[in-house]
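The values are calculated or read from the model by the stated rules, or taken from the named source; none is laboratory data. Quick caveat: nothing in here was measured; it's all calculated off a predicted structure. Positions of Cβ are backbone-derived with ideal geometry, glycine not excepted, and every protein chain shown enters the neighbour counts. Quick note on the areas: whole protein, heavy atoms, side chains included, nothing else; ligands and nucleic acids left out. Shrake-Rupley method; radii C 1.70, N 1.55, O 1.52, S 1.80 Å.
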Amino acid sequence: KTKHLKSKAQAHSKDQIGMPPNEKERPLIVVVGAGSKHGTNNSEFADSVRWGLGGALALPFAEDGYDVVLMGRRQEVLDDVRKAVESVHTTNHHAEAKVLCVECDVTDDKSVEQAFGHVNTIGNSYIDLVMFNVAPPYPSNFKFQGWGEVLLPHQIDIGDMNKQYDTQVNGLIRISKQVLPGMIERKRGCILLSGESCCNLHGGFEFGSVAPARAALRSLGQSMFQAYGPMGIHVCNINIGGIIDSPKTRIWTKKEELTNPNEIAEQFLNVYKQKSTVWSYEVNLTPGFSSRKVNMRM
């Protein structure tokens, strides 16, 4: 049983257009934004929910025995997520699987270079997947409809908008500079971008302060799919509808009206495993209970 489970990550490494450098090298799964905006005192919540999507993304990959790199700005949160990933590895008999925590600020060129420089020192491995799950907090004066006076476009702070853009669009470019040369050389790799349907696909009137940067990130992802697909590199936008379950959002609404982050993470794993003849460049995830509210315009 252990041998069968151990082979899942290694077997997938042979499924794509290119090939790993050699049979002994293991694919690395990098989660950029693996931490959380939430605090660390949420131990009463399950690990799949405790840190929202950022903490859940690595868990399905850990079940399959992948080596995981967790990147974020808060080391204490990364350490907690690491323990959860290690627990999944142990439960699924992946004694050989590794987890590494690396501090990384995607708005800082040097921080990104140092983070991936550290990852590149890991022996017998190569970066095969980057999940980019990065977004700055909503502006301090942001309000959802019905929660108070909505922040209108003419009230947007220019500095905050620049921060939104620099974190997401420029952040992805900084990450790409570190990982794409190796992927191009290997003729294989995958970059998955997480986003919110309410911002990526259509800018609702209350989302003017955050939607433009997220829409730009989606647009960059589309350009990357077309640019790197022929080189064997899969880039895909994953647009998430609904409210993701987390300690913070449990305050907003009932648990039954929240989207399970672990189930979202499983879809990232599914996209990563797609064969190159059926790659998705965009995936829209929507909870069934809210399907009648979906805006179908593209």
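Using heavy atoms of the protein chains and a probe of 1.4 Å, the accessible area assigned to Lys83 is about 120 Å². When all protein chains stay in place and ligands, DNA and RNA are ignored, the 1.4 Å accessible-area order of Trp51, Trp279, largest first, is Trp279, Trp51.
Under the combined filter of DSSP loop state and at most 15 neighbouring Cβ atoms within 10 Å, region 89-164 retains these chymotrypsin sites (Phe, Trp or Tyr not before Pro): Phe144, Trp147.
Taking amide hydrogens as placed 1.01 Å from N in the peptide plane, the amide H of Leu100 sits under 5 Å from those of Val68, Val69, Leu70, each at least 5 positions away in sequence or on another chain. Stretching the chain fully between Gln114 and Glu86 yields a gain of 7.7 nm (0.36 nm per residue, less the alpha carbon separation). Only protein heavy atoms count here; under a 1.4 Å probe, Glu263 has an accessible surface of about 110 Å². Ranking of His202, His154 by solvent-accessible surface, largest first: His154, His202 (1.4 Å probe, protein heavy atoms only, all chains present).
Neighbours of Glu103 by Cβ distance under 9 Å: Lys/Arg scored +1, Asp/Glu scored -1, total +1. Distance between the modelled labels on Thr277 and Glu263, one decimal in nanometres: 3.2 nm (7 Å Cα→Cβ projection).
Per-residue SASA remark: Val99, around 30 Å² accessible (1.4 Å probe; ligands, DNA and RNA not included).
Solvent-accessible surface of region 88-239, taken per residue with a 1.4 Å probe and all protein chains present: 44 Å².
Residue separation of Asp79 and Asn270 scaled by 0.36 nm, minus their Cα-Cα distance, works out to 66.1 nm of gained length. For region 97-187, the relative contact order comes to 38 percent (Cα pairs under 8 Å, sequence separation of at least 6).
In this rough spin-label picture, where each label sits 7 Å from Cα along the Cβ direction, the Gln226-Thr107 distance is 3.1 nm.
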